[in-house]
1. Considering only segment 171-260, give the helices (runs of 4 or more DSSP H) lying wholly within it that have at least 2 residues that are in contact (Cβ under 8 Å) with a residue 60 or more places away in the chain and surrounded by 15 or more Cβ atoms within 10 Å (Cβ to Cβ).
2. Take segment 64-108 and flag every residue that is surrounded by 19 or more Cβ atoms within 10 Å (Cβ to Cβ), of a type in the set (Gly, Ala, Ser) and in contact with a Ser or Thr (Cβ under 8 Å, 6 or more places away or on another chain).
3. Scan segment 1-50 for residues that are under 21 Å from Gln258 (Cα atoms), touching a Lys or Arg at 6+ places or on another chain (Cβ under 9 Å) and part of a helix (DSSP H, G or I) and jot them down.
4. Looking at (1) modelled with pLDDT under 95; (2) part of a loop (DSSP other than H, G, I, E, B); (3) over 20 Å from the mean Cα position of the chain (by Cα), which is the one condition that is false for Gln298?
5. Quick check on my filter: what residues within segment 126-144 are over 15 Å from Phe64 (Cα atoms) and surrounded by fewer than 16 Cβ atoms within 10 Å (Cβ to Cβ)?
6. Counting just the residues of segment 103-120 that are over 19 Å from Met168 (Cα atoms) and assigned to a strand (DSSP E or B), which one comes out nearest to the chain's Cα centre (by Cα)?
7. Considering only segment 266-276, I want to know if a residue exists there that is closer than 23 Å to Pro105 by Cβ, touching a His at 6+ places or on another chain (Cβ under 9 Å) and without any contact (Cβ under 8 Å) to a residue 60 or more places away in the chain.
8. Thr237 fails exactly one of the following numbered conditions: (1) of a type outside the set (Phe, Trp, Tyr); (2) more than 21 Å from Gly173 (Cβ to Cβ); (3) more than 18 Å from the chain's Cα centre (by Cα). What is the number of that condition?
Amino acid sequence: MFKNFSTYALEMMAPQYEQIEMALTHGFRGIDLDVVDMAEQFELRGEAKARRLLDSAKIHLGSFELPVPLEGSEEEFQQELEKLSTRAEVAARLGCLRARVVLKPWSETLPMHENFEQHRKRLQQAAGVLQGYNIRLALGFSAPAVLRQDKPHEFIHTLEQLTPLVEMIPGAGYVIDLWDITIGGGSLEAVKALPPEKILVVHVCDGPTEKPPAEWTPEDRHLPGSTGVLDLVGLLTYLKEIDYQGPVSPLVSKALTQGQRRDEVAHALGQALEGLWQQAGLSPLAAGSSTAGQAASQ
């Protein structure tokens, strides 16, 4: 596994060269891929120039966000699905063989069963395209109750609800986030009960000490290892045991990083992950030695 600096997870905007600089400066071995932008760069500048920074930095690529809409009109979905093959080819050429999507836990228009069926159909089509490039799709969910409050229709917000959908999507697996899993009534033991080969992307943060998981909100994502509420060392130890070779990305509340420079945020996250790495007995070099392409091939 490798430490992955994900601006997506941090809701942070930064150009690729700055992401690479922050990642390598602060102990990360990978970044996520903006596959839509990179596909445009391949077309405008050619592959060699578009990938030059990534190649020279020898940095791993963790995953890319699935660039097709799972809600909205069928016409819009089909338009974006037509572009997916080109984008997937770009990701594959760069060795980024993991796509991810975190499902929205509510819908304005569709009740649970209709929304589930729409997601199943669209994800099956998208996964079918990705499989042609040896790319696997990781599915995740958002558990905080506040996100579903006053919404017309609830959707998937627990690991138990997500599992049937994952099982219906060819080659699919999970975005593992112990914070969301805990809010949804799960635990590290629930993670260990999953097929190891289906753990594709991992997000980490800690929880608050002053209130129960059922009351956690997105603002309650603390620095990994800062409170000890979640057994993140146990999670990393288990990932080591199953030889997980994918990205581990810190995902903390934007409120906790407000007012800080981006390099300060990267430094704090790097230090937090390094502490967990050491407690789990992980070697920094060994943990980041596999390429992104090798990482997703298992």
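1. Helices (runs of 4 or more DSSP H) meeting the threshold: 232-241.
2. Ala99
3. Glu18, Met22, Ala23
4. For Gln298, the exception is condition (3).
5. Gly128, Gly132
6. Per the criteria, the residue is Trp106.
7. For segment 266-276, residues closer than 23 Å to Pro105 by Cβ, touching a His at 6+ places or on another chain (Cβ under 9 Å) and without any contact (Cβ under 8 Å) to a residue 60 or more places away in the chain: absent.
8. (2)
The values are calculated or read from the model by the stated rules, or taken from the named source; none is laboratory data. What you are looking at is a predicted structure, and each value in this text was computed from that prediction instead of being measured. Neighbour counts run over all protein chains shown; Cβ positions are idealised from the backbone, glycine included.
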